[in-house]
Amino acid sequence: MDVVIIKLDHDMIKVNLKGEIDHHASLILREEIDNYIEKHRVKKILFNFKDVSFMDSSGVGMIIGRYKKLQNVGGKIGVVNLAPKIERIFQMSGLFSLISNFNDEKEAIDKL
Amino acid sequence: MTVLNEMQLDFVSKSENESFARVVVAAFASQLDPTLDELADIKTAVSEAVTNAIIHGYENTVGIIRISSKLYEDKVVITIQDWGKGIEDIEKARQPLWTSKPELERSGMGFTIMEDFMDELKVDSTPGEGTVVTMVKNINKGTVRQTT
Ligand SMILES: Nc1ncnc2c1ncn2[C@@H]1O[C@H](COP(=O)(O)OP(=O)(O)O)[C@@H](O)[C@H]1O
Ligand SMILES: [Mg+2]
């Protein structure tokens with residue numbers, strides 16, 4: 001699992017995820033993202049799943065965890081480029097009632 | 001029904017072994033020539049069961065996890081066993097979104113995903129003794145590749 005965090009706006013970041021998101025990877029991701037959020041006062045996160053080849057329910061826990069964290073500062077979370085299998089896991093977990101699934105990055109930047 | 005092939009693997013409950021376990025089982029099941037979609041389902045279900053053994057069974061202490069698998073003409077049977085804490089109320093544990101460890105950012109979706117992605121799921125558990133999760137995935141093509 002690799003993660004690259006890109007600043008999109010003063011309070012918005014894009015998190016490019018790469019590889020497999022399981023329990024092991026989620027622990028590492030959580031720490032990197034939370035460090036960044038706290039340092040840079042982030043309110044909006046766009047997770048880009050384009051290069052994610054695998055995700056299980058630990059990924060759901062990781063996203064909900066960040067959602068709760070941003071809720072404290074009135075923030076929001078969006079996702080783009082979900083593969084069908086990952087989208088199904090999001091759907092089953094009810095994640096789309098908490099976060100938005102965008103068609104592309106442009107839409108995400110406009111609406112998030 | 002004839003067993004075409006069989007394997008068993010023991011490893012310790014380290015989170016690094018989650019990816020190892022799902023790759024091994026997927027490689028083994030590949031002998032039945034499953035679709036990529038079927039393989040992805042198997043990987044996800046194995047990952048869920050192994051993660052549960054690590055986090056809930058052994059609660060992040062060191063223990064042995066055993067995976068065994070059998071290939072039949074039209075299905076793969078996978079068993080994941082731990083000798084950890086066990087489950088008090090299996091029916092409750094299997095419910096969507098129920099987790100005993102919300103503080104660890106668990107989503108409570110593991111069993112629900114195993115059930116959805118596989119064709120059969122059986123959970124046997126005894127508190128203080130451990131847990132056995134048995135899953136079946138039907139592989140519709142069902143021909144074992146010839147090895148020469
Ligand atoms: N191998 C296991 N040993 C002990 N308890 C388990 C095991 N697997 C699952 N459980 C229990 O079942 C609950 C539900 O599991 P699951 O659906 O995977 O959700 P999660 O792992 O997110 O908690 C767990 O919170 C735990 O209490
Ligand atoms: Mg689980």
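Where a number appears in this text, it was derived from the coordinates with a stated rule and is not lab data. Note that this is a predicted model, so its numbers are computed, not measured. Neighbour counts run over all protein chains shown; Cβ positions are idealised from the backbone, glycine included.
Using only side-chain charges placed at the Cβ, +1 for Lys and Arg and -1 for Asp and Glu, the dipole size of the range A:2-107 relative to its Cα centre rounds to 360 debye. Helical runs (DSSP H, four residues minimum) scored at -39500 (n - 2.57) apiece and divided by the length of chain B put the mean residue ellipticity at 222 nm at -8500 deg cm²/dmol. Counts of other chain beta carbons within 10 angstrom of each beta carbon in peptide A:86-92 average 3. In chain A, helical runs assigned H by DSSP with n ≥ 4 each contribute -39500 (n - 2.57); averaged across all residues and rounded to the nearest 500, the mean residue ellipticity at 222 nm is -13500 deg cm²/dmol. Remark on B:ILE64: its backbone amide H falls under 5 Å from those of B:TRP83, a criterion applied only to residues 5 or more positions apart or on other chains, H modelled at 1.01 Å from N. Peptide B:101-112 shows a mean partner chain C-beta count of 6 within 10 Å per residue C-beta.
A straight Cα-to-Cα reach below 17 Å connects A:LYS39 with the aspartates and glutamates A:ASP9, A:ASP11, A:GLU31, residues fewer than 8 places away in its own chain not being considered. Peptides B:10-19, B:47-56 ranked from most to least packed by the mean count of surrounding Cβ atoms within 10 Å: B:47-56, B:10-19. Sequence-ordered 3J(HN,Hα) estimates for the range B:63-72 from the Karplus curve with 6.51, -1.76 and 1.60 and θ = phi - 60° stand at x, 9, 10, 10, 10, 10, 8, 10, 9, 10 Hz, glycine and proline given as x. Dipole orientation for chain B: of the candidates B:ASN60, B:PHE111, B:ALA26, B:ALA26 has the Cα lying most toward the positive pole (charges on Cβ; Lys, Arg +1; Asp, Glu -1). Checked against a 21 Å cut-off, the cross-linked pairs A:LYS7/A:LYS69; A:LYS68/B:LYS92; A:LYS14/A:LYS106 give Cα-Cα distances beyond that limit for A:LYS68/B:LYS92. Across chain A, Cα pairs under 8 Å and at least six residues apart give a relative contact order of 25 percent. Can you tell me how the range A:51-112 classifies by the Cα gyration tensor, rounded, prolate or oblate, using a/c under 1.5 as the rounded cut? Judged from the Cα gyration tensor, the range A:51-112 comes out oblate (a/c at least 1.5, b/c at or above a/b).
Take the Cα of B:GLU16, step 7 Å toward its Cβ, do the same at A:GLU87, and the gap between the two points is 3.7 nm. For the range B:1-144, a simple Cβ point-charge model (Lys and Arg +1, Asp and Glu -1, everything else neutral) yields a dipole of about 180 debye relative to the Cα centre.
Calculated over the protein assembly as shown, the projected area of the Cα convex hull averaged across directions stands at 14.8 nm².
Take each residue in B:47-54, count the other chain C-beta atoms within 10 Å of its C-beta, and the mean is 4. With the convex hull of its Cα atoms as the shape, the range A:2-107 has an orientation-averaged projected area of 5.9 nm². Shown in residue order for the range A:26-40 are the 3J(HN,Hα) couplings computed by the Karplus curve 6.51 cos²θ - 1.76 cosθ + 1.60 at θ = phi - 60°: 4, 5, 6, 4, 3, 5, 5, 5, 5, 4, 5, 4, 5, 5, 10 Hz (x for Gly and Pro).
Whole-Hz Karplus values for the range A:51-65 come out as 9, 8, 9, 7, 8, 10, 5, 5, x, 4, x, 5, 5, 4, x Hz, taken residue by residue from phi with 6.51 cos²θ - 1.76 cosθ + 1.60 and θ = phi - 60°; glycine and proline positions read x.
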